[in-house]
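This report refers to the structure that appears directly beneath it.
The values are calculated or read from the model by the stated rules, or taken from the named source; none is laboratory data. Only a predicted model underlies this, so the values are computations on that prediction, with no experimental measurement involved. Please note: Cβ atoms are built from the backbone with ideal geometry, for glycine as well, and neighbour counts cover all protein chains shown. For the accessible areas, the whole protein counts, side chains as well, though only heavy atoms, and no ligand, DNA or RNA atoms are used. Shrake-Rupley method; radii C 1.70, N 1.55, O 1.52, S 1.80 Å.
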Amino acid sequence: MRILHTADWHLNDRLGRIDRTDDLRKGVERVAAHCREQKVDVLVVAGDLFSELARPDALRETIRHWQDVFADFLNGGGTILTLTGNHDNENFCQTLRHAMTLAAPAGRHPGERVPPGRLYLAAEPTFLRLRDRTDTFDVQFVLMPFPTPTRYLKGEGGQKYGSPDEKNRLLTEAFNVALKDIRKHPKFDTKAPAVLAAHITVFGSEIGASLFRLSEQEDIVVQGEQFHEQYDYVALGHIHKPQFLAYPHVRYSGSIERLDLGEQHNALGAVLFEIGPKGREGQPVVLPLGGTPIYEITIADPTEAIPRLRAEYPDAHNDLVNLHIHYTAGEHNLEEVLRDLEQIFPRWYARDWKETGALGPSLAGEADRTKSFAETVREFLNTELMNHMDGDRDALLAIADELIKDCE
């Protein structure tokens, strides 16, 4: 059984003013291409399929994109195993899971052998089996979503805690208990091939520059010291920095795209491994996924920097850039500087500027007596709204014009 491990898709995410939908869909298409080219039997997505920023209409279009991209894979007998992460909307994922189960009932009982050619979504601890293509042996899959009170702390009493630390302790205990209960289940065979997929922080992992919208105080950390002995492969999600934990078969695949500046140096990939009747065969192989460059640039002198940047970054139209701009009033026209930089880096996702003259800008200073009240207000708003999206800026300026007319 050839299995491809990915995680942290975060579909429909945003970075600043930039909608990442197209970038992330390209990542999904690269994953699908690997499934096709490598003759993959099972695709594992270890949590965070969707962004918490996704709107309902965007989620609908994303699922439609899945149908288009993975239709051949599923029709050919491929299986997709997914589980929920900390960014996945619990209500939406539960509704989606119930709808899929209603349409094609399967996997309702722990340890059940499920049919191939389908997508399965685990919104709670799940144990299922898949038969290999030659109908020779089963592979056991244990799917462990990110620990939340709704998913892991059953009953009203279990969801009472006095502090964040107590909540994390209870969730860690509940995660470990759920995992032990699965391994004690009568249908779980400790001698048969088994794969664990989990969206969790395992002790000893390197978080990297960013935990991606989750502080260390909010995170749940499990020990996992026996994972390498208990499972033929451990497919982890949640930490976006690709890595293995002491053993090559216990690893984070990383995300399928760079999602913020802290991930600018991450090498994106999916992990291919193979399970035979006696367990893992060979070593996992990382397949590259490409990705969008993300970086930041500081402009100390726009007069010198803009021509140089135009020459150094001729193909930066798809790059995601954070711009830090220093300019001197009277020497540089800020609007022109921003316009020139936008031509070079049209997908800037954040920018800030600072006036470096001796006196610096002063919004409370004496107004220009040659300008009318309306001109002064419009100039101020144009400057303050430069970082906003065009539609929002135009709408606010239109409201301001109406108010100015009323004042006049």
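Give me a comma-separated list of calculated 3J(HN,Hα) values for the range 372-377, in order, Karplus coefficients 6.51, -1.76, 1.60 applied at θ = phi - 60°, integers in Hz, x for any Gly or Pro.
6, 4, 4, 5, 5, 5
Convert each backbone phi in the range 173-178 into a coupling constant with the Karplus relation 6.51 cos²θ - 1.76 cosθ + 1.60 (shift: θ = phi - 60°), then list the ³J(HN,Hα) values in order as whole Hz, x for Gly and Pro.
Result, ordered by residue: 4, 5, 4, 5, 5, 4 Hz.
In the chain, what percent of the accessible surface is made up of carbon and sulfur (1.4 Å probe, ligands and nucleic acids excluded)?
Answer for the chain is 51 percent, counting heavy atoms of protein chains only.
Apply the Karplus curve 6.51 cos²θ - 1.76 cosθ + 1.60, θ = phi - 60°, to the phi angles in the range 110-122 and return the couplings in whole Hz, x for Gly and Pro.
Values per residue, Gly and Pro as x: x, x, 5, 7, 9, x, x, x, 9, 9, 10, 10, 9 Hz.
Counting other Cβ atoms within 10 Å of each Cβ, which trypsin sites (Lys or Arg not before Pro) in the range 1-89 have at most 12 and sit in a DSSP loop?
Those that pass, being in a loop and sparsely packed, are LYS39.
Amide H of GLY237: which non-local residues (sequence gap of 5 or more, or other chain) have their own amide H closer than 5 Å, using H built in the peptide plane?
Here the answer is ALA198, HIS199, ILE200, since their amide H atoms fall under 5 Å of that of GLY237.
In a GNM of the chain with a 10 Å cut-off on Cα contacts, which of ASP394, ASP48, ASP138 has the highest mean-square fluctuation?
Its mean-square fluctuation being the largest, the pick is ASP394.
With charges set only on the Cβ (+1 for Lys and Arg, -1 for Asp and Glu), what does the dipole of the range 296-344 come to about its Cα centre, in debye to the nearest 20?
Roughly 20 debye for the range 296-344.
Quick one: compute the contact order of the chain, relative version, from alpha carbon pairs under 8 angstrom and 6+ residues apart, as a percent.
Relative contact order of the chain: 14 percent.
Which percentage, to the nearest 5, of the DSSP beta bridges contained in the chain is antiparallel?
35 percent
Non-local amide H neighbours of LEU15 (under 5 Å, H modeled in plane, Pro and chain starts lacking H): which ones?
HN-HN under 5 Å from LEU15: ARG20.
Mind checking the dipole of the chain: about its Cα centre, +1 per Lys or Arg Cβ, -1 per Asp or Glu Cβ, Debye to the nearest 20?
Using only the charged Cβ atoms, the result is roughly 2420 debye.
For GLY224, list long-range residues whose amide hydrogen, built 1.01 Å from N in the peptide plane, is under 5 Å from its own amide hydrogen.
Amide H to amide H, under 5 Å and 5 or more residues apart or across chains, GLY224 pairs with nothing.
Restrict the search to the range 108-167; then list the chymotrypsin sites (Phe, Trp or Tyr not before Pro) that DSSP places in a loop and that have at most 16 other Cβ atoms within 10 Å of their Cβ.
Sparse-neighbourhood loop chymotrypsin sites (Phe, Trp or Tyr not before Pro): PHE137, TYR161.
For the chain, find the longest principal axis of its Cα atoms and tell me its angle to the long axis of helix 21-37, 0 to 90°, nearest 10.
For 21-37 against the chain, the angle is about 30 degrees.
What 222 nm value per residue comes from the helices of the chain, counting each DSSP H run with n ≥ 4 as -39,500 (n - 2.57) and dividing by all residues, nearest 500 deg cm²/dmol?
Computed mean residue ellipticity for the chain: -10500 deg cm²/dmol.
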